[in-house]
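A.B. asks: Provided herewith is a single structure, encoded as structure tokens, for subsequent inquiry.
Just so it is clear, none of the values below were taken in a lab; they were calculated from the coordinates. These numbers come from a predicted model, not from an experiment. Cβ atoms come from the backbone with ideal geometry, glycine included; neighbour counts cover every protein chain shown.
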Amino acid sequence: MQSFYNKALTGLLVLMAASVLIGFICMRCTYIRMTVLPAADRALPMRSDLISDKDVGGRSTIRLVDDTSTLSFESTSVKAVDYPYAKVELAFLDRAGKPTLVDLSRYSSIAFDVACAPANTLAFGLVMFEDHVSVPGDYATYRLAYSYYFCNERGEHVELDLARLRTDQWWFDRHKLNLAQQEFTPKKVAKLSFGNTFQSPFDVVSKVQIKGVTLMGRDMRYLYGFWAFMIVAWPAYAFWFFRRHTQALLVDVEDKVRRDLPLVAYQQLSQDLHRDKEQSAILRFMATAYPNPELDVETMVSTLGISRNKINEILKAELGFTFSTYLNKLRLTEAARLLGDKEDSSVAEIAYAVGYRNVSYFNKLFKEEYGCTPKTFRKLREAAPADLGS
């Protein structure tokens, strides 16, 4: 059994270590990131588009300074229309360099560092294709969901929750949609938009530098994979453990019963004992008197006329046991035989039959001897194809 327990412990430690390692890896993998800037680290190609209110009769201007290591631009807001705007939009491209739509639904936020001179309130937004509303390539029909952030010359770190982006009322009014339908899923994103707001300073050149733009999110599929591993691996280990434990216990019990066969009481009486008179008398007496719960060494002394020291000396030399140890060994070995042969007898009846008055004490001694309770021992005997005592 010790060999089995060593294997089981090794397997348990390996499984625990694998669970911790896989759990850690899966947890780390759930945190996903997509780099937008710097451009060299982008996972997807992008193109910078300059957009201003000149398209609707305004006079705001915007000039791109850099869109590789940073997104740097200079803009001037001119109040020639109700809501002047000037912005840079990063459009997603396919491998052929044509505009495409990207699924960003796995990402929950965007983070970047931004510095402005002078201080400014800017907007970030997602330009998204809306089914049944948008016309491919006509970005005026796309939904623009955005949020605001503040920046100054010292620089700010900004992190925006994509779920809290909101769409302007005019877009709903133009397309005759319910204004309450602000919820969206960014599965068809055409562009990321960075630009000014109606609170940006007018008639001055605003310089903006944005760097380290990263989309962040959680992909819970990795956790699902981890739980799938746990659901499969741990029950599989438990199944292996209980199955092999039963097999190992059966082998162990068979070995102990086979080893203890010479101690069985009825065989003690039938053996041709090549021993002296005192040895034969002691062994034969114990082989017949063991069912007596009152049996002790004093009873043997008075019955056989052999001293206590002599009895223990003979038992120790002949069998390697003291009187009490050999008596329990004899009783338990006989109990093991009876558990297999007398299926109709209860454990209590067998305990009484071999000399135990206390069934709990008998169960305790039996488990210490055979590594299992008498009931389990009987089940193992029934599972064995052949008589364990043969």
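A.B. asks: Among Lys211, Lys87, which comes first, second and so on when ranked by fewest other beta-carbon atoms within 10 Å? Intermediate values should be presented prior to the final figure.
C.D. replies: On the way: Lys211 16, Lys87 25.
Listing Lys211, Lys87 from fewest to most nearby Cβ atoms yields Lys211, Lys87.
A.B. asks: Here's another thing I want to ask about it. Do any cysteines of the chain lack a neighbour Cys whose Cβ is under 4.7 Å away, and which are they?
C.D. replies: Cys26, Cys29, Cys372
A.B. asks: For His157, His175, His132, which order do you get if you count the other beta carbons within 10 Å of each Cβ and list the fewest first?
C.D. replies: Details: His157 9, His175 13, His132 6.
Neighbour counts put them in this order, fewest first: His132, His157, His175.
A.B. asks: Follow-up question, since we're still on this one. Listed highest first by mean packing, meaning other Cβ atoms within 10 Å per residue, what order do 336-343, 62-69, 192-199, 8-15 come in?
C.D. replies: 192-199, 336-343, 62-69, 8-15
A.B. asks: Counting C-alpha atoms alone, how compact is the range 1-149: give Rg to one decimal and Dmax as a whole number, in angstrom.
C.D. replies: Using the Cα atoms of the range 1-149, the pair Rg, Dmax is 24.2, 90 Å.
A.B. asks: Fewest Cβ neighbours within 10 Å first, please rank Thr121, Thr333 accordingly. Each step should come with its number before you reach the end.
C.D. replies: On the way: Thr121 15, Thr333 26.
Sorted ascending by nearby Cβ count, the order is Thr121, Thr333.
A.B. asks: While we're here: Note down the magnitude of the dipole of the range 36-219 about its Cα centre, charges +1 on Lys and Arg C-beta and -1 on Asp and Glu C-beta and zero elsewhere, to the nearest 20 debye. Before the final figure, lay out each step's value.
C.D. replies: Values: 22 positive and 24 negative charges, 38 e Å.
Result for the range 36-219 is approximately 180 debye, rounded to the nearest 20.
A.B. asks: Ser3 versus Asp255, label points 7 Å from Cα toward the beta carbon: distance in nm?
C.D. replies: Modelled inter-label distance: 0.6 nm.
A.B. asks: Apply the a/c threshold of 1.5 to the C-alpha gyration tensor of the range 89-235 and tell me whether it is rounded, prolate or oblate.
C.D. replies: Working: a/c = 2.06, a/b = 1.38, b/c = 1.49.
Here the range 89-235 falls in the oblate category.
A.B. asks: Estimate the FRET efficiency between Tyr361 and Val14 by the formula 1/(1 + (r/R0)^6), using the beta-carbon distance for r and 45 Å for R0, to the nearest 0.05.
C.D. replies: On the way: r = 39 Å, r/R0 = 0.88.
Given R0 = 45 Å and the Cβ-Cβ separation, E is 0.70.
A.B. asks: I'd like the FRET efficiency for Ala233 and Ala96, computed as 1/(1 + (r/R0)^6) with the beta carbon distance as r and R0 of 51 Å, rounded to 0.05.
C.D. replies: Values: r = 45 Å, r/R0 = 0.88.
Plugging the Cβ-Cβ distance into 1/(1 + (r/R0)^6) gives 0.70.
A.B. asks: If you wrap a convex hull around the C-alpha atoms of the range 260-383 and split its volume per residue, what is the figure in Å³? Don't jump to the answer; show the numbers that get you there.
C.D. replies: On the way: hull volume 12.6 nm³, N = 124.
Expressed per residue, the convex hull around the Cα atoms of the range 260-383 is 101 Å³.
A.B. asks: Report, ordered by chain and residue number, the lysines lying within cross-link reach of Lys98, taken as a straight Cα distance under 23 Å and ignoring same-chain residues fewer than 8 apart.
C.D. replies: Excluding near neighbours in sequence, the set is Lys87, Lys187, Lys188, Lys191.
A.B. asks: DSSP H helices in the chain with Cα extent of 30 Å or more along the helix axis and mean Kyte-Doolittle hydropathy at least -1.0? Don't jump to the answer; show the numbers that get you there.
C.D. replies: On the way: long enough: 2-30 (41 Å, 1.23); 221-259 (56 Å, 0.12).
Helices meeting the criterion: 2-30, 221-259.
A.B. asks: If you don't mind, another one. State whether the chain is rounded, prolate or oblate according to the following rule on the C-alpha gyration tensor (a ≥ b ≥ c being the square roots of its eigenvalues): a/c under 1.5 gives rounded; otherwise a/b larger than b/c gives prolate, and the remaining case gives oblate.
C.D. replies: On the way: a/c = 5.62, a/b = 4.65, b/c = 1.21.
Taking the square roots of the gyration eigenvalues as a ≥ b ≥ c, the chain is prolate.
A.B. asks: Once you keep just the Cα pairs under 8 angstrom separated by 6 or more residues, what percentage relative contact order results for the chain? Mind dumping the intermediate values first?
C.D. replies: Values: 629 pairs, mean separation 66.3, N = 390.
Reported as a whole number, the value is 17 percent.
A.B. asks: Regarding the range 169-219, what are the three Cα extents along the principal axes, ordered largest first, in Å?
C.D. replies: 37, 35, 17
A.B. asks: Going by the alpha-carbon gyration tensor, a ≥ b ≥ c the square roots of its eigenvalues, is the range 326-376 rounded (a/c under 1.5) or, if a/c is not under 1.5, prolate (a/b greater than b/c) versus oblate?
C.D. replies: On the way: a/c = 1.29, a/b = 1.20, b/c = 1.08.
Judged from the Cα gyration tensor, the range 326-376 comes out rounded (a/c under 1.5).
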